[in-house]
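So the structure is just underneath, and the comments pick up after that.
Rule-based calculations on the coordinates, nothing more; no lab input. For clarity, every value in this text was computed on a predicted model and none was experimentally measured. No Cβ is skipped: glycine too gets one built from the backbone with ideal geometry, and neighbour counts run over all protein chains shown.
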Amino acid sequence: MGHVTLDNLFLAHYSHTVSIFIRKERFMAKAHRGAGIRDQKSRGRGDCPVCKRTAIKVMYEQSLDGAKTMVCKQCNAALKHAK
């Protein structure tokens, strides 16, 4: 079941269980929020070494000056686009 077709959408409209099955297959898990970060230190929050924001989620690993550090979502996107 790779792509969602009109038949799948029709079934999803009338059947809650089919709708849940399609949603689980089509969308990614939310690993960077909620239950996915509860077990991390300070629930994934800290100080971003790039933008110096405090109490922000630092969930993304980036290589800065040869060392791997955790950065926030905004800095992760900025660093990826800069490469």
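Rounded to the nearest 20, the size of the Cβ-charge dipole of region 37-83 about its Cα centre is 200 debye, with Lys and Arg at +1 and Asp and Glu at -1. Using 0.36 nm per residue and subtracting the Cα-Cα separation, the extra length available between Arg45 and Lys80 on full extension is 10.5 nm.
Could you tell me the calculated FRET efficiency between Ala67 and Ala35, based on Cβ-Cβ distance and R0 = 30 angstrom, to the nearest 0.05? Approximately 0.50, to the nearest 0.05. Bridgeable lysines around Lys30 (alpha carbons under 22 Å apart, same-chain partners fewer than 8 residues away excluded): Lys41, Lys57, Lys73, Lys80.
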